[in-house]
Amino acid sequence: MKVMKRRVWVRSLLAAAVAAAVVSPAWSQETLKIGLLATLEGPFAVPGQDSMRGADLALKEKNGMAGGKKIEFIKLSSDATPDKAVASTRKAVEQDKVPIMIGPLSGDEGIAVKNYAKTQPGVTFINGSSGAQATTLQDPAPNFYRFNTEGAQWMVGLGEHALAKGYKKVFLIAEDYGFPYSQVQGFMASYCAKGGKVVDKAWVPLGTKDYSSVIARMPKDIDAVLVVLGGSDAVNFLTQYEQTGGNKPMIGGSITVDQTVLNFKGKRRESLLGTASAGPMADSIDTPEWKKFVADYKAAFKDGFPSPSLFAYLYYINTKATLDALDAVKGDLSNGHKAYREALQKTNFKGPAGTVKIDSNRNGVGPTYITEVVKASDGSFYNKVVKTVPDISQTLGLSETEFKKMGLGSRDVPDCRK
Amino acid sequence: MSRFAKWFWSLVIGGPLAIFIVWAISENPRLFFVTLLNGLTLASLYFIVAAGFTLVFGLMRNVNLAHGSLYLLGAYSGWVVGDATGSWLLAVATGFATAAVLGLLMQVLVFRWMQGQDLRQTLVTIGLSIVLADVMLWIFGGEIYTFDPPSWIYGSTVLPVVEKYPTYRIVVLLVSLAIGLALWWLLARTRVGAMIRAGVDDRGMLAASGVNVQLVFALTFAIGAGLAGLAGVVGGTALSIAPGEDTRYLLASLMVVIVGGMGSVVGAAIGALLIGLAEQFGLAYAPTYGVVFTFVIMVLALAFRPRGIMGRAA
Amino acid sequence: MSAADWRRAMNTGAAARLPTRSLPTQPSVVVGSDQSAPTTVRWLEFLRRELSVRHWVILVGVLIYPFVASPFFTYQIGAQALALGLIALSLTLLAGYGGMVSLAQMTVAGLAGYLVAIFGHSAATTISFNWPWGVAVLFALALAVAFATAVGWLSVRTEGIYTIMITLAIGVALFYFAQQNYTLFNGHQGFNQVFPPSVGDVDFRGPVPFYYLALACALLGYFFVKHLVRTPFGVALQGIRDNPRRMHALGFNVTAHRVAAYAVAGLLAAVGGVLITWYNNRISPGSMGLGVMINILVIAVLGGIKHPIGAFVGAIVFVLLQNFAIDLVARERFNLVIGGVFLVIVLFSPDGLLGLWAMVRSRFGPQSPNTNQRRHP
């Protein structure tokens, strides 16, 4: 008898809890909720935190209001896996009922969120920092907007710069997945067309830290090594390369020549000088807009980095575009966000690192900065901007037909060995 | 196995192998010998990690799936000390000590009360590994840490055919040989070693002959864990420390021990050689599927010798 | 010894405690057949014996759940828990009743999901075969079961603890292969837009229809397992778990039984895998990576590995934690929470939540005449 009563009691409690959770209404009259997704779990937690700072900065500039309403970020987390990203996004859209969703951080997550966006036409999705080509080039979603440029666009112009430095033959080492494919395509689009040769591509499996076999395979008659690895992996590579007696200069991908590489303490430290790289931003951009952005970031976040990271910048411009468009339509999200989406399409403002606008596929069109490593007056190394290439679209400087013929970057595309 | 069968299988496996070696040397001798050396040095690192794992299993039947976390813990704690004092050797010692202490605590506080419940112990180690991995992620974050060893270790030596080869890898090889010898000496020439070997053969008899079995267990676990921590610093210097390295070295230890045989240090050496060489040759000559290569070897080894090459009945 | 005697002799579970009731004179109207076929009567006998009040309450509860819960709760919590629970059920069958802890269940599930994407429709139009969904699912299940049998064949040659290690290694091997192979598995990216089918008027993409699909599969799986462990095969399997040598001496083919258990568990896991792929609308190597493989083990042990319902209890708790721990505890420390809970359960209640429940019941309720508690898992 006692047991029966207890069981019924427990069960009714459970039912009540469930009912309460389910029935509680979402009070959102004066407040507009916007979902904000970044990787806050796992090894990418630190970039994820910085991306949240970028978004917070954009909101702070508007004093927490946009379109006449108070904006509240519903912060969500993923662990860099697409499954988790979609699960968190689904929770925000279906449980918390957010009308606008910003995120995610990494490339593969972006593709998964875009696919989810297609099933929710009434919600507007804005990218965070994901940079995979396929998100907007293959099967785009009409309600997914990406105001930043993607991985391939980030490397356009570096190819010509490498040729100008006399690097006619390069050897590639990169990790074997989507983002490096895009980066390499961006580099090779103009490099191959103007006569450069990528003699061989060494695609190492994700997570490899031991490059000794790859280094042993490198031919001797190359001019430079194109390294598209994360900064810390690049340090490993440089150390192992140096120890095996390698002495060729390096060309870096967008995330390669970062602080860990610039602080490299190996014997060949001086040979790092002049290493070329490219990306959508650089610490040393010499415009008043960028300087203001850095100053604002430093003032708002005492616990942040010495300078805003790539992720903070990308989330900043995407969030700013979101909020600016809300202002433009005075918060009108009616009629399936029709007016709002038109405003998003018309976005055109001067961001900290150049103009922010989108093309007909709702993908960002923007500048790329070519940098080289130089020595500062105090002896430390930093990336100095040597060239700015404006208005790069997803066709990477080629004509539409040429680009379509090439296809998206993959292991063997593009290829210019001979 | 009959003599004919032995000849047959040696030909089937040895034949293609010999052809491959001849081809590889003629094609690019430098690449072949570099890969060979790389394989040997990687095998040495795997041996250090796996020796501890196999010792713990052999004696206490405890599949310690937190072994990888011990590796990572040793690496991080060694880094902290190395960074603070600037001495790499001290970092190595700290790595060994921290992991050994944690191993001791694990044995005395947790596993002692679950003697005989193999599966439960394994599940507890899985839980511990999840918790430890997250705690370390919390404390040290997701960035990669690199060590700062003395420059004489970190340069390159000139060798025949291979030209310049990283000195550090040769150091790793020598260290692991030293550890292997030390383990052999411990097991074969000391009383404690005799007790451990006796325990591996027959635990009950060991207890019956008046030895404090719990003490022997605790000591063995401490040594096994300490070896993992030491490998953490040594491996971390070569390849840097990051979250995820714990699962990598756990998997490597598992494969080495499965192939080599549980409970046998010699088996760990053989297994490490096979797996290390397979991994490096796979990466060098067939990079796309090289990673899967080692697993295939493991599966094949199991198909022919389910207990591992030097394994003995449980 | 007749099958009935055997069953009674081996029967230590709930049925032994229920008062025996007289059979109905006619089969119930539900069946709708005039002749009282012996199998039908036996099935109904089985149902009447097995289902007590609490079973009916839970059954009604899960049936009306979509009507009281929001679509989010129905889909993200309910359907996901059912699909994960089905995969964990396969592990419960293997580990709880067969004594073989296999970490490759998620791998089998993942492979089934991949095959559905490859044989059916997906965003990777260069790879997908675009077969009709029924054919695709059938082939996917068949191949996944074949793979599970192969895994079983490899794993039964070793014993006990070795099984965990070997299945772990096999699972990771397939993960790396799927990640590196672009011709069939589409590498790191995997397959997107893998949608559940529309059958007639019912579009299984919707939360409520999909929930019922998952529920149907889960119920089938659950009752199948409950029935299987009472059959001579299932009882033999438990005998093999307890003492393989004796079973071998009695003339049973131990290896064959074990491999067959792997195949059956593989089928359950494969169905769960197809459901999970349809739930996520995608599959990638990460869906069957090391973390998820361990999660399935955590779910099964959390709920209790001794009884099929434990898998689903564990799945519900896990999914709730996964979705709402972020709101309650620091969002970054989800792994710590789940690992800690798992550790506590294994240390103090080896039979998981069900074991805890039984302990509470035995402390506060009437003493049961015989228990099925073992000291160790």
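What follows draws every value from the coordinates through simple rules; no lab data is involved. Note that the structure is a prediction, hence the values are computed from the model and not measured. With ideal geometry, Cβ positions are generated from the backbone for all residues, glycine too; neighbour counts draw on all protein chains shown.
General remarks:
- Adding -39500 (n - 2.57) for every DSSP H run of four residues or longer, then dividing by how many residues chain C holds, sets the calculated 222 nm ellipticity at -21000 deg cm²/dmol.
- Projected over every direction and averaged, the convex hull enclosing the alpha-carbon atoms of the range C:27-182 yields 13.9 nm².
- The label point for B:GLU27 and the one for C:LEU47, both projected 7 Å from the Cα toward the Cβ, are 6.5 nm apart.
- Shape of the range B:239-280, Cα gyration tensor, a/c cut at 1.5: prolate
- Where Rh is the Kirkwood radius over Cα pairs, Rg/Rh for the range A:352-418: 1.11
- Chain A - Rg over Rh from alpha carbon coordinates, Kirkwood radius: 1.03
- Remark: relative contact order (chain B) = 33 percent; criterion is Cα-Cα distance under 8 angstrom and separation of 6 or more residues.
- For chain C: relative contact order, % (alpha-carbon pairs under 8 angstrom, 6 or more apart): 27
- Fluctuation leader among A:ALA45, A:ALA224, A:ALA376 - chain A, Gaussian network, Cα springs under 10 angstrom: A:ALA376
- Rounded if a/c under 1.5, otherwise prolate or oblate - chain B, Cα gyration tensor axes: oblate
- Among C:LEU174, C:VAL344, C:ILE87 the positive-end extreme of the charge dipole of the range C:54-364 (Cβ point charges): C:VAL344
- Close amide-amide hydrogen proximity is noted between A:PHE381 and A:ALA376, each under 5 Å apart and 5 or more residues distant or on a separate chain (H modeled in the peptide plane; Pro and chain starts excluded).
- Amide H partners (placed H, <5 Å) of A:SER78, local residues excluded: A:ALA38, A:THR39, A:LEU40, A:GLU41
- Dipole of the protein assembly as shown, positive direction: furthest Cα of A:ALA162, C:VAL137, A:GLY122, with charges on the beta-carbon: C:VAL137
- Entry note: the range C:54-364 has Rg to Rh equal to 0.96, where both radii use alpha-carbon atoms and Rh is the Kirkwood radius.
- Estimated from the Cβ-Cβ distance and a Förster radius of 22 angstrom, the FRET efficiency linking A:SER307 and A:PHE349 is about 0.50.
- Taken about its Cα centre, chain C carries a charge dipole of roughly 1120 debye when the Cβ of each Lys and Arg holds +1 and the Cβ of each Asp and Glu holds -1.
- Proximity of backbone amide H atoms, modeled 1.01 Å from N, is registered between A:VAL386 and A:ILE370, A:THR371, A:GLU372 at under 5 Å, excluding neighbours fewer than 5 places apart on the same chain.
- Distance (nanometres) between label positions extended 7 Å along Cα→Cβ at C:ILE127 and C:TRP153: 2.6
- Each of B:GLY204, B:PHE57, B:GLN214 was placed along the dipole of the range B:29-243 (beta-carbon charges, centred on the mean Cα), and the one lying farthest toward the positive end is B:GLY204.
- Phi-based couplings in Hz for the range B:229-243 (Karplus 6.51, -1.76, 1.60; Gly and Pro marked x): x, 4, 4, x, 5, 4, x, x, 5, 6, 10, 6, 9, 7, x
- Across the range C:307-316, coupling constants 3J(HN,Hα) worked out from phi with the 6.51/-1.76/1.60 Karplus curve, θ = phi - 60°, read 9, x, 5, x, 4, 6, 4, x, 5, 5 Hz, and Gly and Pro carry x.
- Bridge type composition, the protein assembly as shown - antiparallel percent by DSSP, nearest 5: 45
- Pairwise Cα distances in the protein assembly as shown exceed 49 Å in 29 percent of cases.
- Ranking of C:GLU45, A:GLU94, A:GLU41 by count of other Cβ atoms within 10 Å, fewest first: C:GLU45, A:GLU94, A:GLU41
- Relative contact order %, the range B:196-277, counting alpha carbon pairs below 8 Å whose residues are six or more apart: 16
- The Cys residues in the protein assembly as shown with no partner Cys Cβ within less than 4.7 Å of their Cβ are C:CYS217.
- Projected label points at C:HIS248 and A:VAL413, each 7 Å from Cα along the beta carbon direction, are separated by 5.6 nanometres.
- Student exercise, the range A:317-418 dipole from Lys, Arg, Asp, Glu Cβ charges, in Debye to nearest 20: 120
- Computed from Cα atoms, the angle from the helix A:107-117 axis to the main principal axis of chain A rounds to 30 degrees.
- For the range C:64-114, the square roots a ≥ b ≥ c of the C-alpha gyration tensor eigenvalues yield an a/c of 1.5 or more together with a/b not exceeding b/c, which makes the shape oblate.
- Extension gain (nm, one decimal) between B:ALA178 and B:SER87, 0.36 nm per residue minus Cα-Cα: 30.7 nm
- A simple charge model with +1 on the Cβ of Lys and Arg, -1 on the Cβ of Asp and Glu and nothing else charged puts the dipole of the protein assembly as shown at about 2680 debye relative to its Cα centre.
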